[in-house]
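Structure, as structure tokens:
The values are calculated or read from the model by the stated rules, or taken from the named source; none is laboratory data. As the structure is a computational prediction, the values presented were derived from the model and not from experiment. Note that each Cβ is placed from the backbone with ideal geometry, even for glycine, and that neighbours are counted across all protein chains shown. Just the protein is used for accessible areas: all its heavy atoms, side chains included, with ligands, DNA and RNA removed. Shrake-Rupley method; radii C 1.70, N 1.55, O 1.52, S 1.80 Å.
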Amino acid sequence: MKNYYQPEIETMPQDQILALQDERLVKQVRYVYDHVRFYRDRMDEAGVAPEDIRGTQDLHKLPFITKDDLRDQYPYGLLAVPLEECVRIQSTSGTTGRRVVAFYTREDLDIWEECCARAIVAAGGTKEDVCHVCYGYGLFTGGPGLNGGSHKVGCLTLPMSSGNTERQLQFMTDLGSTILCCTPSYAANLGEAVAERGMKDQLKLKAGIFGAEPWTEQMRQSIEETLGIKAYDIYGLTEISGPGVSFECEEQAGMHIQEDHFIPEIIDPKTGEVLPEGQVGELVFTCITKKAFPLLRYRTRDLCLLTRKKCSCGRTHVRMLKPKGRSDDMMIVKGVNVWPSQIEAVLLNQGYQANYQIIVDRIGNRDSIEVQVEMTPEMAQDETIPVAKREKKIVSGLKSMLGITVDVSVVEPKSIPRSEGKAVRVIDKRHLY
Ligand code: ADP
Ligand code: ZN
């Protein structure tokens with residue numbers, strides 16, 4: 001069996017990676033121009049011919065493509081191969097609007113699964129491991145992606161899908177799962193369930209591969225503690241292939257982007273200008289090996305920064321730091337820009353866990369915003385601090401962070417619904433979008 005840690009690619013000197021990207025990009029732009037009418041029209045409109053793209057230095061000349069373009073072209077408008085060459089579709093979770101479908105040839109699937117296999121190996125996976133996949137299966141890319149990667153590594157794969165915590169724990173202990181793959185919010189749920197049952201000793205887990213939504217370092221620490229594992233971040237999006245576009249190594253300091261398949265750029269979300277390394281902006285990807293659904297300069301709306309600093313694991317691929325949220329996560333409440341991540345930061349700072357919900361509503365012309373947050377079990381037992389006092393402290397923290405008054409309810413542990421996939425943090429009842 002092939003070893004999916006591929007040092008010849010993953011530790012290739014950076015100038016060689018960039019040369020490989022140049023070569024692949026030139027071919028891919030020509031391929032896309034010749035096979036997708038949408039791109040041909042866009043490039044013609046922008047006055048860019050395929051021969052103007054001679055390498056990554058010319059990438060900025062290509063027009064961007066956005067999620068709205070994908071929605072407009074739904075379902076077949078961006079397909080670059082005849083439909084009979086496709087063997088699979090997957091679809092986005094629809095977190096921010098209408099779903100998008102992506103198509104895969106057999107070779108595309110192979111590349112995607114290979115990226116997931118690399119992620120599993122980076123988390124210490126080998127064919128000796130029992131890989132417990134409780135990302136959702138189906139249209140969502142989480143389950144199928146990690147499942148395919150796990151097969152490639154040769155792990156015994158448990159295709160659990162999400163939900164049914166009792167069954168998850170039973171299989172985990174009966175079959176000795178060693179690697180857990182799911183969303184960080186579900187990992188936190190499992191962690192809570194393990195603590196409640198006092199069954200940490202019965203687990204054989206050593207690592208977790210958690211992604212598909214933003215999570216914080218505090219969450220990482222608490223998951224690592226409750227499950228007794230090392231927790232690795234993994235990132236991806238359906239449009240670009242799925243999980244495995246980038247993943248963490250043992251250093252846990254940013255995710256290596258699989259640069260032999262994807263070229264990342266960071267742009268200013270307002271002007272579209274490419275930003276220098278180290279600046280936070282919107283992440284843009286160009287796929288250089290995909291055949292069925294090959295996006296060029298796709299705006300992810302995820303905000304993060306890239307670093308080419310040397311990594312102690314030996315991998316040379318550029319790293320992206322944890323996305324800080326999406327540029328379109330922003331809500332305008334009472335005329336002020338509010339990001340859920342700002343609210344989360346205030347709560348975590350005051351010792352709460354990420355079990356909270358933000359409810360926004362509008363009565364007449366007035367916006368209201370309420371944050372409900374659970375007490376930790378320790379807080380619930382501590383009667384010296386009344387709930388009203390806790391609420392007041394959060395209101396004041398949020399006021400200085402956001403500049404507006406937010407209604408706060410501190411609620412009992414476990415009273416906010418838990419998610420089995422991506423967490424639902426914001427309930428916007430205003431139907432503005
Ligand atoms: P949707 O856009 O409908 O949620 P996907 O299911 O394809 O569609 O999700 C992709 C998005 O999930 C990414 O663009 C990003 O916002 C988020 N995401 C995925 N992995 C991570 C991660 N490790 N950290 C933060 N956000 C992530
Ligand atoms: Zn590394």
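Could you tell me whether region 87-105 includes any residue that is of a type in the set (D, E, K, R) and away from ligand 1 (no atom under 16 Å from the Cβ)?
Taking region 87-105 as the starting set, the residues that turn out to be of a type in the set (D, E, K, R) are 88, 98-99.
Next, only the ones that are away from ligand 1 (no atom under 16 Å from the Cβ) stay: none.
Looking through region 87-105, none of the residues is of a type in the set (D, E, K, R) and away from ligand 1 (no atom under 16 Å from the Cβ).
What number of residues within region 373-423 are hydrophobic (A, V, I, L, M, F, W, C) and without any contact (Cβ under 8 Å) to a residue 24 or more places away in the chain?
Filtering region 373-423 down to residues hydrophobic (A, V, I, L, M, F, W, C) leaves 373, 375, 379-380, 385, 387-388, 394-395, 398, 401-402, 404, 406, 408, 410-411, 416, 423.
Remaining after also requiring without any contact (Cβ under 8 Å) to a residue 24 or more places away in the chain: 385, 387-388, 395.
Here the count works out to 4.
Could you list, in sequence order, the residues of region 319-341 that are among the polar types (S, T, N, Q), within 19 Å of Gln357 (Cα to Cα) and either within 16 Å of ligand 2 (Cβ to nearest atom) or surrounded by 15 or more Cβ atoms within 10 Å (Cβ to Cβ) (or both)?
Ser341
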Quiz prompt | Test: Arg299 is of a type in the set (Lys, Arg), over 27 Å from Ala80 (Cβ atoms) and in contact with a strand residue (DSSP E or B) (Cβ under 6 Å, 6 or more places away or on another chain) | solution = no
Exercise. Sort through Leu139, Leu180 and tell me the only one that's in contact with a strand residue (DSSP E or B) (Cβ under 7 Å, 6 or more places away or on another chain), within 16 Å of ligand 1 (Cβ to nearest atom) and open to solvent by 40 Å² or more (accessible area, probe 1.4 Å).
Key: Leu139
Self-check item: Residues satisfying the stated conditions in region 391-428, i.e. of a type in the set (A, V, I, L, M), modelled with pLDDT of 95 or more and open to solvent by 50 Å² or more (accessible area, probe 1.4 Å)
Solution: none
Exercise. Taking the options Thr300, Thr316, name whichever one is open to solvent by 20 Å² or more (accessible area, probe 1.4 Å) and at pLDDT 95 or above.
Key: Thr316
Quiz prompt | Candidate set: region 80-100, residues that are modelled with pLDDT of 95 or more and within 18 Å of Gly143 (Cα to Cα); chosen: the one nearest to ligand 2 (Cβ to nearest atom) | solution = Gln90
Exercise. Go through region 369-390 residue by residue and tally those that are over 13 Å from Glu412 (Cα atoms) and surrounded by 16 or more Cβ atoms within 10 Å (Cβ to Cβ).
Key: 2
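Yes or no, residue by residue, for (1) surrounded by 15 or more Cβ atoms within 10 Å (Cβ to Cβ); (2) touching a Cys at 6+ places or on another chain (Cβ under 9 Å); (3) not in a loop (DSSP other than H, G, I, E, B):
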{"residue": "Arg24", "(1), (2), (3)": "yes, no, yes"}
{"residue": "Arg30", "(1), (2), (3)": "no, no, yes"}
{"residue": "Tyr33", "(1), (2), (3)": "yes, no, yes"}
{"residue": "Phe38", "(1), (2), (3)": "yes, no, yes"}
{"residue": "Arg42", "(1), (2), (3)": "yes, no, yes"}
{"residue": "Arg54", "(1), (2), (3)": "no, no, no"}
Quiz item: Which residue pairs have Cβ atoms under 9 Å apart, sit 6 or more places apart or on different chains, and have a first residue in region 222-238 that is touching a residue at least 40 places away in the same chain (Cβ under 8 Å) and a second that is of a type in the set (S, T, N, Q) and not in a loop (DSSP other than H, G, I, E, B)?
Solution: Ala231/Gln221; Asp233/Ser246; Ile234/Ser246; Tyr235/Ser246; Gly236/Ser246; Leu237/Thr300; Thr238/Gln90; Thr238/Ser91
Exercise. Of the numbered conditions (1) touching a residue at least 60 places away in the same chain (Cβ under 8 Å); (2) open to solvent by 20 Å² or more (accessible area, probe 1.4 Å); (3) in contact with a Lys or Arg (Cβ under 7 Å, 6 or more places away or on another chain), Asn355 fails exactly one; give the number of that condition.
Key: (3)
Quiz item: Is it true that Gly124 is within 16 Å of ligand 2 (Cβ to nearest atom), over 19 Å from Phe262 (Cα atoms), surrounded by fewer than 21 Cβ atoms within 10 Å (Cβ to Cβ) and within 23 Å of the chain's Cα centre (by Cα)?
Solution: yes
Exercise. Return the only residue of Pro75, Pro63 being outside any helix (DSSP H, G or I), modelled with pLDDT under 95 and open to solvent by less than 60 Å² (accessible area, probe 1.4 Å).
Key: Pro75
Quiz item: Counting only residues that are among the hydroxyl-bearing types (Ser, Thr, Tyr), surrounded by fewer than 23 Cβ atoms within 10 Å (Cβ to Cβ) and either away from ligand 1 (no atom under 15 Å from the Cβ) or in a strand (DSSP E or B) (or both), how many does region 209-263 have?
Solution: 2
Practice problem: Check Asp129 against each of (1) more than 27 Å from Leu237 (Cβ to Cβ); (2) modelled with pLDDT of 95 or more; (3) of a type in the set (Asp, Glu) and name the one condition it does not meet. | Solution: (1)
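Based on this model, can you work out whether Arg390 counts as of a type outside the set (A, V, I, L, M) and more than 26 Å from Lys422 (Cα to Cα)? Outline the logic, then answer.
Numbers: of a type outside the set (A, V, I, L, M): yes; more than 26 Å from Lys422 (Cα to Cα): yes.
For Arg390, the condition - of a type outside the set (A, V, I, L, M) and more than 26 Å from Lys422 (Cα to Cα) - is met.
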Practice problem: Could you tell me which numbered condition Gly145 fails, if it satisfies all but one of (1) of a type outside the set (A, V, I, L, M); (2) buried (at least 21 other Cβ atoms within 10 Å of the Cβ); (3) over 30 Å from Arg37 (Cα atoms)? | Solution: (3)
